[in-house]
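Here's the structure, in structure tokens; my notes come after.
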Amino acid sequence: MAEFEPRIVGFLCNWCTYAGADLAGTSRMQYPPNMRPIRVMCSGSVDSVYILRALLEGADGVFIGGCHPGDCHYVSGNYKARRRMVAFKSILRSVGLDQDRVWLRWISAAEGRKFADTVTEMTRAIADKGPSEFRELWEV
Amino acid sequence: MAVSGMLKVKDKNPEATLEELLAGWLTQGKLSAILVPVLAKSGAAGAALVSDADRIAGTAPLLPAMAVNAASVVRDIAKLRSEGTKVGVLLRPCEMRAVVELIKLRQVLADNLVLVGIDCPGTYKAAGFRDVAGTDSDFDNRHVREQQNYYDNPNLRTACQVCEHPKPMVYDLEIGFLGLDPDKELWLDGATDKGAALLEGVELAAGEEPGQMQEYLKELAARRKNKAETRIKELDEAAMGPENLTRYFADCLNCHNCMRVCPVCYCRECFFDSENFQRRLDEHVRVSKRKGLTRMPSETLLFHLTRMNHMMTSCVACGICEDSCPAGIALLPLFKKVSGNVQAEFGYLSGRSLDEELPLVGFREDEFTAIGEG
Ligand code: SF4
Ligand code: SF4
Ligand code: FES
């Protein structure tokens, strides 16, 4: 059997994590290619529906990258994203879905290293978990 | 200035006594109209906006049947700013809680409303209520008279069987009878100026809220809490994990009734009905290719989980969603469990207070600081 390659969907804030990813790239840092990045304007704009759709369609993990607290381009988007993540994870736990397949991290435009390390860390963690059960479950 | 006291009940008929009180508010011009539960001649249980005092006699302020959560009606009639009218809304505790959420969500303007909350020992499903009540014209009174029987009545709506909040928490005026002998007296508590104004000229035996009301309430809440916990435990065993959750919603038709009747699911156009959510044929094929096949109608579980994310902080566990589900899915226990968990994260209880900030609107810089830090 081929080794399991996690598929991770990444929602990256344009003003910080996306630029951090760019920096990691231009600095030729090595990290696993398992994350499919999607540029968004703010971590606060990532509605739960997008995270859930990715998970239910079989993504093995979902990553959201935002600006550090206090640095959101729109002042409070990341604080609101944080609260929504509290609710989101509480709901996942309540219905028995794996909350650790969803990561929210603050990574600035200057933190290319942190971006590469976080993707590496997440890819490993998800690889350890194995494929999402929703990969096979078509009747959702 | 707050005013409270006991209202004497005439002829062992609390419902007629209340009707007289309500009619008085209309004849004295204290209110232009009032929203009251009714049982129509056709047998339909619902609510009516009554402006003619003479028509109050045909209403049923103590009706123990629930067709809709009347907060949905309040949302429909009191969303726009209005001048020179004052309307009373007689609401059960879960309806009042939903109205409180809607006020905070800016979907109800309370300026011209007087919130009249009434105790509730539990309700029956509106569908089939005719058969329950039969021809007993005293049914409503009997229901509040025999309130001890409703501790554990298995015929009540499932939401009511596990309801821990049978008394309104926010109100201008409360009409209370839980723990009292409603053939003799009703407790009226005008907590605000608006509420007190309705009691002007009404003969009340002044006094404190009687202790037996609190005692009864404690007992009722404890028993129901117990039952709720049992239900939730059953659910923990039945609905957990991808497979079981999918099975839980296996019969879902994707009709979205549960959302349309939900009092706090207020968006005029749901995201799920929007253009954003329409997929082209080629996109459907692309999605299908991921798993080789996709269930149709698609994304039913996505709908339910998203709905939870959008409104669980305001869910009042009224169970109207479950009553309206044509597939008979046991929505209430699941929503009660999930909303309870989510609200607990923020120390919030939906509908408890107008001053408590909605959890997904506010934030504090120094909270949940571990999130995002890895
Ligand atoms: S989700 Fe169901 S129980 Fe909760 S408020 Fe809406 S209709 Fe009532
Ligand atoms: S009312 Fe029932 S069948 Fe219709 S969408 Fe809701 S859960 Fe599904
Ligand atoms: S702009 Fe980056 S999180 Fe809001």
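Structure data summary
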item	result
Fraction of accessible area attributable to carbon and sulfur, the range A:8-138 (%, probe 1.4 Å)	52
Mean-position separation - Cα centroids, the range B:228-294 and the range A:70-111, in angstrom	22
Calculated FRET efficiency for the pair B:CYS267/A:THR120, C-beta based, R₀ 41 Å, to 0.05	0.55
Value at 222 nm in deg cm²/dmol, rounded to 500, when DSSP H runs of n ≥ 4 in chain B each add -39,500 (n - 2.57)	-11000 deg cm²/dmol
Sorted peptide list for B:84-94, B:128-138, criterion being average Cβ within 10 angstrom, highest first	B:84-94, B:128-138
Among B:SER353, B:SER42, B:SER298, residue whose mean-square fluctuation peaks in a GNM of chain B (springs only between Cα atoms under 10 Å)	B:SER42
Lys, Arg +1 and Asp, Glu -1 on Cβ, resulting dipole of chain B about Cα centre, debye, nearest 20	1380
Selection from B:LEU358, B:MET96, B:CYS252, by position along the positive dipole direction of the protein assembly as shown (Cβ)	B:CYS252
Over 30 Å between alpha carbons, listed pairs B:LYS30/B:LYS167; B:LYS79/B:LYS225; B:LYS227/B:LYS291; A:LYS89/B:LYS227; B:LYS104/B:LYS194; B:LYS30/B:LYS184	B:LYS79/B:LYS225; B:LYS227/B:LYS291
Exposure rank, largest accessible area first [B:VAL261, B:VAL100; 1.4 Å]	B:VAL261, B:VAL100
Computed over the range B:78-191: relative contact order in percent, which uses C-alpha pairs under 8 Å that are six or more apart	31
Shape category assigned to the range B:3-225 from the gyration tensor of Cα positions, a/c cut at 1.5	rounded
Sequence-distant residues sharing a close amide H with B:VAL50 (under 5 Å, placed H)	B:ILE34, B:LEU35, B:VAL36
Carbon and sulfur %, accessible surface of chain B computed with the full protein complex present, 1.4 Å	50
Residue-by-residue Karplus 3J(HN,Hα) for the range A:34-39, coefficients 6.51, -1.76, 1.60, Hz, glycine and proline x	7, 9, 8, x, 10, 7
Viscosity 1.306 mPa s, 10 °C: Kirkwood-radius Stokes-Einstein D of chain A over Cα pairs, µm²/s	104
Estimated dipole of the range B:253-345 in Debye, rounded to 20 [Cβ of Lys and Arg +1, of Asp and Glu -1, Cα centre]	360
Per-residue ³J(HN,Hα) for the range A:76-88, Karplus 6.51 cos²θ - 1.76 cosθ + 1.60, θ = phi - 60°, Hz, x for Gly and Pro	10, x, 6, 5, 6, 4, 5, 4, 5, 5, 4, 5, 4
A:LEU104 long-range amide H proximity, modeled H, under 5 Å	A:ILE64, B:GLY372
Value of [θ]222 nm, deg cm²/dmol, for chain A, DSSP H segments ≥ 4, -39500 (n - 2.57) each, nearest 500	-12500 deg cm²/dmol
Of A:VAL75, A:GLY58, A:ASN34, farthest towards positive along the dipole that unit charges on Lys, Arg, Asp, Glu beta carbons give the range A:1-75	A:VAL75
Unit charges on C-beta of K, R, D, E only; dipole of the protein assembly as shown, Debye	1580
Residue with peak Gaussian network fluctuation, chain B [Cα springs, cutoff 10 Å], from B:ARG364, B:ARG307, B:ARG247	B:ARG364
Per residue solvent-accessible surface (Å²) - chain A, probe of 1.4 Å	44
In the B-A interface, the accessible area buried, summed over both sides, Å² (probe 1.4 Å)	4100
Ordering of B:342-348, B:63-69 by burial proxy (mean other Cβ atoms within 10 Å per residue, highest first)	B:63-69, B:342-348
Separation between Cα centres of the range B:158-181 and the range B:45-70, rounded to whole Å	18
Derived scalar couplings ³J(HN,Hα) [the range A:111-121; Karplus, 6.51 cos²θ - 1.76 cosθ + 1.60; whole Hz; x for Gly, Pro]	9, x, 4, 4, 4, 4, 5, 5, 5, 4, 4
The range A:8-138 - percent relative contact order, Cα under 8 Å, separation 6 or more	39
1.4 Å probe accessible area per residue over the range B:3-225, in Å²	43
Potential lengthening between B:SER353 and B:SER42 on full extension [0.36 nm per residue; Cα-Cα distance subtracted]	108.2 nm
Dipole of the range B:3-225 [Lys/Arg +1, Asp/Glu -1 at C-beta], most positive-end residue of B:ALA60, B:ALA197, B:MET213	B:ALA60
Residues listed by number, the range B:86-123, amide nitrogen under 17 Å from B:VAL132 label point at 7 Å toward C-beta	B:92-95, B:119-123
Cα gyration tensor category, rounded, prolate or oblate, for the protein assembly as shown with a/c compared to 1.5	prolate
Cα gyration tensor shape for the range B:46-96, rounded if a/c is under 1.5, else prolate or oblate	oblate
Spin-label pair B:GLU83/B:SER288, simplified geometry with 7 Å Cα→Cβ offset, distance in nm	5.9
Of B:ASN276, B:ASN141, B:ASN244, the one that fluctuates the most in a GNM where chain B has Cα springs shorter than 10 Å	B:ASN276
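The values are calculated or read from the model by the stated rules, or taken from the named source; none is laboratory data. Treat the numbers as computed from the prediction; the structure is a model and nothing was measured. Neighbour counts are summed over all protein chains in view; Cβ atoms, including those assigned to glycine, are modelled from backbone coordinates with ideal geometry. Remember, those area values only see protein heavy atoms, side chains included, never the ligands or the DNA or RNA. Shrake-Rupley method; radii C 1.70, N 1.55, O 1.52, S 1.80 Å.
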